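Visitor: This is the structure I have questions about; it appears just below.
FYI, it's all coordinate maths here, none of it is from the lab. Since the structure is predicted, the reported quantities are computational estimates derived from the model, not experimental observations. Reconstructed Cβ throughout: ideal geometry from the backbone, glycine too, with neighbour counts over all protein chains shown.
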Amino acid sequence: MSLLRDISFLLSMLHVIILFLLLFEPKYSWKTTLAISFGGSAAIVAANTLLMVWQGPSIIMGAAFFTCTIPSAIMFLLLSKYRGGRFFFLFCLTDTSSFWLLQVTNFMDRLAGDTHAALLISRLVLFPIFEWLIWQYLRKPYLELQRNLDKGWWLFAAIGSVYYLLLMTASVPVDAPVPDTTGLVRIILVLILMPLTYLTILRSLWHQMVDGRTRTEMAVLSTRSQLALENLRIVQDSGAALIQVRHDMLGNLGILQSLSQKKDYERLDKYLAVLTRKTEQIVPIKISSHPIVNAILAQGAERAKASGTDFRCKVSLPETVAVPDEDLAAYLMNLVSNALDAVELLEPNHQKWVEITMHIRGKYLFIEGRNPYSLAPAPGGNSGRFLSHKGDGHGYGLWIMEKVAHRYQSELYTEAKDGVFLARTALLMPENT
């Protein structure tokens with residue numbers, strides 16, 4: 001019968017790894033991650049098996065924290081894309097869930113006569129069912145939580161670690177005597193409270209993410225309304241300027257013709273230079289065929305003109321792209337606004353310019369912004385995202401851009417080098433819109 005017990009233990013160790021990997025987001029390729037995960041886990045299982053043979057199966061529940069938890073935590077921390085609270089919460093969640101299943105199947109075996117047959121069968125059945133439920137209902141929203149929430153994880157990781165230790169100390173190992181009524185009630189209450197606590201935590205994290213997204217969407221809607229009004233004003237101003245230019249055109253041509261006939265080429269060159277400067281000051285109504293992109297860039301060009309900034313646009317887009325207007329507007333508005341904010345802080349004698357590049361490469365919408373800066377941005381915390389120097393209430397632009405990039409299977413690449421800040425992404429456009 002001890003063979004059935006040992007087999008069930010080895011299978012459980014394998015399923016602990018599977019549970020973790022279902023919700024895990026690796027830093028490296030999945031091929032590398034799986035090779036290291038199962039190779040390292042095999043070594044941990046072998047060491048624990050030898051320990052069971054030497055000290056007996058009851059030693060595992062007491063020593064698992066040192067022989068299983070710590071080694072596997074170090075291994076997966078090195079493989080994880082996310083560090084800090086996000087990683088430790090996930091580790092506590094999967095390990096505690098695994099120990100919960102181990103304890104439940106242990107009690108089922110006790111009720112079946114303590115033969116270890118029920119222990120093996122119940123673990124063969126319950127672990128795959130639990131993994132299927134996670135894959136079906138939890139994996140997608142949980143991965144979304146990890147990608148969209150940077151804060152709030154440490155508190156819940158601390159709660160999870162307390163439950164993990166509580167379950168380990170209160171649980172009854174295989175083949176150990178059944179505790180008295182008080183001890184049995186205690187472990188049953190812990191088993192009931194643990195899943196309820198984790199469901200509450202996950203619900204809280206989800207609402208936190210949804211509330212943050214709602215605030216962002218409301219801000220985008222408000223900005224889009226302002227953008228529409230501003231674009232209307234720009235169009236009106238540009239139209240009025242063009243009317244004035246057309247009105248003056250005949251007079252200007254007459255003056256140029258007169259200077260040419262008199263062969264006064266010096267005054268002719270100066271007059272042409274004046275006319276060129278006046279023409280450049282007129283904000284072009286059409287920068288792009290895409291109406292949302294055109295509106296945002298026209299507004300940026302108007303603001304750039306007011307601050308003496310050279311606003312360069314290398315944009316080649318059709319009238320429609322397979323990225324919803326709200327996401328495209330959220331990304332591009334923040335890209336342009338951040339670039340102009342940085343340029344306006346430059347010294348008066350510094351050359352001011354902003355360059356926006358947009359075009360389609362196959363299935364990807366390429367967007368890049370470049371601008372000089374005077375105050376070097378600093379990467380912030382675990383995210384690596386550059387932080388704003390403006391203080392509280394600012395610095396959400398890159399965060400919003402990053403979330404839009406993630407929504408389209410991309411990353412926001414940022415670089416501050418040689419006095420130039422660069423922000424670049426390539427959004428994978430949906431096939432159906």
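Visitor: Taking the beta-carbon count within 10 Å as an exposure proxy, list Arg215, Arg110 from fewest neighbours to most. Display every interim value, and only then the final one.
Guide: Values: Arg215 11, Arg110 16.
So the residues, fewest neighbours to most, are Arg215, Arg110.
Visitor: Given 0.36 nm per residue, what is the gain on full extension from Leu124 to Phe66 after removing their alpha carbon distance, in nm?
Guide: Details: separation 58, 0.36 × 58 = 20.88 nm, distance 2.57 nm.
Extending this stretch completely gives an extra 18.3 nm.
Visitor: Using the Karplus equation 6.51 cos²θ - 1.76 cosθ + 1.60 (θ = phi - 60°), what ³J(HN,Hα) coupling, rounded to whole Hz, does each residue of segment 324-330 give in order, writing x for Gly and Pro?
Guide: Each residue's phi maps through the Karplus curve to give x, 4, 5, 6, 4, 5, 4 Hz.
Visitor: What does the extension gain come out to for Phe38 and Ser204, with contour length at 0.36 nm per residue minus their alpha carbon separation?
Guide: Working: separation 166, 0.36 × 166 = 59.76 nm, distance 3.26 nm.
Result for the pair: 56.5 nm of gain on full extension.
Visitor: Moving on to the next point. From the residues Gly183, Pro173, Leu133, which one has its Cα farthest along the dipole of segment 130-189 in the positive direction, the dipole being from +1 and -1 charges on Cβ of Lys/Arg and Asp/Glu about the Cα centre?
Guide: Working it through, the farthest residue towards the positive pole turns out to be Leu133.
Visitor: Next question, about the same structure. Can you sort Phe311, Phe66 from fewest to most other Cβ atoms within 10 Å of each residue's own Cβ? It would help to have the intermediate numbers written out before the result.
Guide: On the way: Phe311 24, Phe66 9.
The fewest-first ordering by Cβ neighbours comes to Phe66, Phe311.
Visitor: Using amide H atoms built 1.01 Å from N in the peptide plane, name the residues 5+ places from Phe421, or on other chains, whose amide H lies under 5 Å from its own.
Guide: The list, which skips near neighbours in sequence, is Asn371, Tyr373.
Visitor: Could you list Lys81, Lys352 so that the one with the fewest beta carbons within 10 Å of its beta carbon is first and the one with the most is last?
Guide: Working: Lys81 14, Lys352 20.
Taking fewest neighbouring Cβ atoms as first place, the list is Lys81, Lys352.
Visitor: Could you derive backbone 3J(HN,Hα) for segment 415-425 from the dihedral phi with the Karplus parameters 6.51, -1.76 and 1.60 (θ = phi - 60°), listing whole Hz in sequence and x where the residue is Gly or Pro?
Guide: Karplus-based 3J(HN,Hα) across segment 415-425 equals 8, 10, 8, 6, x, 10, 9, 10, 10, 9, 8 Hz.
Visitor: Quote to one decimal, in nm, the extra length available between Val178 and Tyr265 on full extension: 0.36 nm per residue of separation minus the C-alpha distance between them.
Guide: Details: separation 87, 0.36 × 87 = 31.32 nm, distance 10.76 nm.
Taking Val178 through Tyr265 to full extension adds about 20.6 nm, to one decimal.
Visitor: Using a simple spin-label model with points 7 Å from Cα along the Cα→Cβ vector, what separation in nm is obtained for Met429 and Leu155?
Guide: Inter-label distance under the simple model: 4.3 nm.
Visitor: Rounded to the nearest 0.05, what FRET efficiency do Met108 and Thr357 give with R0 = 51 Å and r taken as the Cβ-Cβ distance? Could you check?
Guide: Numbers: r = 62 Å, r/R0 = 1.22.
It comes out at approximately 0.25.
Visitor: Among the listed pairs Lys352/Lys417; Lys140/Lys363; Lys31/Lys81; Lys81/Lys140, which have their C-alpha atoms separated by more than 20 angstrom in this model? All intermediate terms of the calculation are to be shown ahead of the outcome.
Guide: Details: Lys352/Lys417 16 Å; Lys140/Lys363 24 Å; Lys31/Lys81 15 Å; Lys81/Lys140 16 Å.
Over 20 Å Cα-Cα: Lys140/Lys363.
Visitor: Non-local amide H neighbours of Arg83 (under 5 Å, H modeled in plane, Pro and chain starts lacking H): which ones?
Guide: Here nothing satisfies the definition.
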